[in-house]
Amino acid sequence: MRTTKVYKLVIHKKGFGGSDDELVMNPKVFPHIKLGDIVEIAHPNDEYSPLLLQVKSLKEDLQKETISVDQTVTQVFRLRPYQDVYVNVVDPKVSTCAYITQKVEFAGIRAQAGELWVKNEKVMCGYISEDTRVVFRSTSAMVYIFIQMSCEMWDFDIYGDLYFEKAVNGFLADLFTKWKEKNCSHEVTVVLFSRTFYDAKSVDEFPEVNRPSIRQDHKGRFYEDFYKVVVQNERREEWTSLLVTIKKLFIQYPVLVRLEQAEGFPQGDNSTSAQGNYLEAINLSFNVFDKHYINRNFDRTGQMSVVITPGVGVFEVDRLLMILTKQRMIDNGIGVDLVCMGEQPLHAVPLFKLHNRSVPRDSCLGDDYNIPHWINHSLSLRKQKMAVIRLLGRQKNLRTPFPSK
């Protein structure tokens with residue numbers, strides 16, 4: 001029901017009248033409104049988006065021609081007290097709504113709305129329906145951050161930035177800054193991982209003590225997977241100091257993974273991101289998350305794995321390992337985030353190119369592909385946008401004509 005009538009907006013604090021409701025209305029002033037209705041509140045000719053609130057409290061002693069809204073909510077939506085507002089009831093089919101910073105409690109679990117998106121655009125509030133997708137993020141989770149140190153990490157992107165710089169100075173720096181803004185208290189483990197291929201014809205070319213760690217892929221190539229733990233199960237108020245440690249390891253990393261000639265080893269070459277040990281790294285965190293209910297620490301809630309890769313999200317993986325990884329992730333309710341430093345390709349990503357390690361002959365018949373819906377994929381665009389701005393500035397300067405004498 002749309003109306004052009006205006007009402008006075010007053011504010012109240014939590015606990016007003018013994019209630020913590022965000023909205024209080026007088027049933028005598030609004031006889032057509034009942035408990036559970038969703039109302040839209042906005043100043044006339046206001047540039048800001050209207051506020052949506054659910055009616056949970058009706059009080060007859062409230063002053064006539066007024067509505068009362070919680071003080072914290074009015075500050076978020078920039079509503080001005082003692083000013084005129086429109087009050088309209090939205091579609092009665094809508095049963096609930098949400099707004100930014102709204103706190104919700106369900107089954108003893110407290111949550112707060114951090115972001116709302118409608119058709120790829122951020123909004124301040126919105127309706128909740130059966131089609132609404134809810135993403136839960138904990139501020140005190142056990143987080144595993146894996147950084148894939150494939151050969152692309154030493155390459156430059158089209159804007160002249162090292163992919164390693166984009167990962168550390170770009171994504172990780174922004175991530176740690178946001179953690180500080182959100183007052184997060186994650187328990188973090190950071191691991192550098194990669195795969196080294198060896199130019200060898202037989203396993204006998206390797207030192208005997210290292211042979212158990214040497215594997216052979218579906219193409220018959222010998223390789224070794226490496227995992228370097230930077231920090232393990234740490235909690236910090238300031239995470240930016242960790243970036244210095246990661247940068248030091250970046251210099252030492254070629255020696256650690258035998259990319260430089262090691263005594264008794266054949267020549268080693270770093271793999272590409274597509275041929276790396278992506279699923280193997282994820283399963284390392286699953287080994288810990290599988291038993292999260294044993295000796296449970298109540299200081300943290302939730303588990304999360306974040307993989308940072310210099311690639312675009314295309315991986316060559318073993319079919320059976322992919323099925324196992326998917327099953328473990330779904331059974332334990334673990335979130336997996338894939339952050340790619342590469343540019344968006346012209347096809348769907350993430351994309352798995354499947355092969356059968358157990359039956360090498362099958363790989364010659366053709367390749368199968370799979371798009372894993374169980375992985376949250378995103379691209380890091382911060383550095384690219386900055387570079388585009390710099391490039392546009394240079395182009396404008398070049399177009400400026402020289403002054404004539």
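The values are calculated or read from the model by the stated rules, or taken from the named source; none is laboratory data. Everything quoted here is computed from the prediction, not taken from an experiment. Cβ coordinates were reconstructed from backbone atoms using ideal geometry, including for glycine residues, and neighbour counts include every protein chain displayed.
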Query raised in the report: Of Ala274, Ala281, which residue is among the aliphatic types (A, V, I, L, M), under 24 Å from the mean Cα position of the chain (by Cα) and assigned to a loop (DSSP other than H, G, I, E, B)?
Result: Ala274
Report task. From Val306, Val312, Val317, grab the single residue that is modelled with pLDDT of 90 or more and part of a loop (DSSP other than H, G, I, E, B). Result -> Val312
Query - Enumeration of residues in segment 110-120 that are in contact (Cβ under 8 Å) with a residue 12 or more places away in the chain and either assigned to a loop (DSSP other than H, G, I, E, B) or surrounded by fewer than 10 Cβ atoms within 10 Å (Cβ to Cβ) (or both) - result: Ala113, Gly114, Glu115
Query raised in the report: Among (1) more than 18 Å from Ser138 (Cβ to Cβ); (2) in contact (Cβ under 8 Å) with a residue 24 or more places away in the chain; (3) surrounded by fewer than 21 Cβ atoms within 10 Å (Cβ to Cβ); (4) of a type outside the set (A, V, I, L, M), where does His292 come up short?
Result: (1)
Query raised in the report: Hey, does segment 207-219 have a residue that's hydrophobic (A, V, I, L, M, F, W, C) and either under 16 Å from Pro310 (Cα atoms) or modelled with pLDDT of 95 or more (or both)?
Result: no
Query raised in the report: Can Asn287 be described as at pLDDT below 95, of a type in the set (S, T, N, Q), over 21 Å from the mean Cα position of the chain (by Cα) and part of a loop (DSSP other than H, G, I, E, B)?
Result: no
Report summary line: Residue hits (segment 260-271; over 15 Å from Arg215 (Cβ atoms) and surrounded by 18 or more Cβ atoms within 10 Å (Cβ to Cβ)) are Asn270
Requested in this report: Tell me, yes or no, whether segment 64-71 has at least one residue that is within 25 Å of Val123 (Cα to Cα) and over 36 Å from the mean Cα position of the chain (by Cα).
Outcome: yes
Query - Failed item, numbered, when Val104 is tested on (1) free of Cβ contacts under 8 Å to residues at least 12 places away in the same chain; (2) within 19 Å of Val39 (Cα to Cα); (3) surrounded by 12 or more Cβ atoms within 10 Å (Cβ to Cβ) - result: (3)
Query raised in the report: From Val134, Val143, Val104, which residue is touching a His at 6+ places or on another chain (Cβ under 8 Å) and on the phi < 0 side of the Ramachandran plot?
Result: Val143
Query raised in the report: Does Val73 qualify as being of a type in the set (A, V, I, L, M, F, W, C) and in a loop (DSSP other than H, G, I, E, B)?
Result: no
Requested in this report: Give the residues of segment 324-359 that are surrounded by fewer than 18 Cβ atoms within 10 Å (Cβ to Cβ), hydrophobic (A, V, I, L, M, F, W, C) and in a helix (DSSP H, G or I), sorted by residue number.
Outcome: Leu324, Ile330
Report summary line: Taking first residues from segment 197-216 that are in contact (Cβ under 8 Å) with a residue 24 or more places away in the chain and second residues anywhere that are part of a helix (DSSP H, G or I) and surrounded by 13 or more Cβ atoms within 10 Å (Cβ to Cβ), the pairs with Cβ under 8 Å that are 6 or more apart or on different chains are Tyr198/Glu205
Report task. With the condition kept exactly as written, say whether any residue in segment 77-96 is on the phi < 0 side of the Ramachandran plot and in contact with a Gly (Cβ under 9 Å, 6 or more places away or on another chain). Result -> yes
Query - Entirely in segment 121-236, the strands (runs of 3 or more DSSP E) that have 3 or more residues that are touching a Ser or Thr at 6+ places or on another chain (Cβ under 8 Å) - result: 125-128, 142-148, 187-198, 222-234
